[in-house]
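Here's the structure, in structure tokens; my notes come after.
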Amino acid sequence: KEIGANGEDIPKLVEKLRINVGERVGNFKSLTMEDAENIYHIACK
């Protein structure tokens, strides 16, 4: 919400993340794109 995104934007956000970092993201704990999508959904609440 802080960046003006909503639930409809999540697929675009995940795709941009995939393009920028590949299929896995995170240094402390490796996250999948599904993990990232779930985090985006939680952030939109």
Check your understanding: ³J(HN,Hα) across segment 34-45 via Karplus (A = 6.51, B = -1.76, C = 1.60, θ = phi - 60°), whole Hz, x for Gly/Pro?
Key -> 5, 4, 4, 4, 4, 5, 4, 4, 4, 5, 7, 6
Practice item. Report the convex hull volume per residue for the chain, counting only C-alpha atoms, in Å³. Key: 77 Å³
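Grab the Cα-Cα distance for LYS16 and THR32, subtract it from 0.36 nm times how many residues apart they are, and report the gain in nm with one decimal.
Numbers: separation 16, 0.36 × 16 = 5.76 nm, distance 1.37 nm.
So the extension gain works out to 4.4 nm.
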**Study point:** Relative contact order computed over the chain (Cα-Cα under 8 Å; 6+ residues apart), in percent
**Key:** 48 percent
Study note, to complete from the structure: In degrees rounded to 10, the 0-90 angle between helix 10-21 Cα long axis and the longest Cα principal axis of the chain is 30 degrees
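Values in this text are rule-based calculations from the coordinates and carry no lab data. Only a predicted model underlies this, so the values are computations on that prediction, with no experimental measurement involved.
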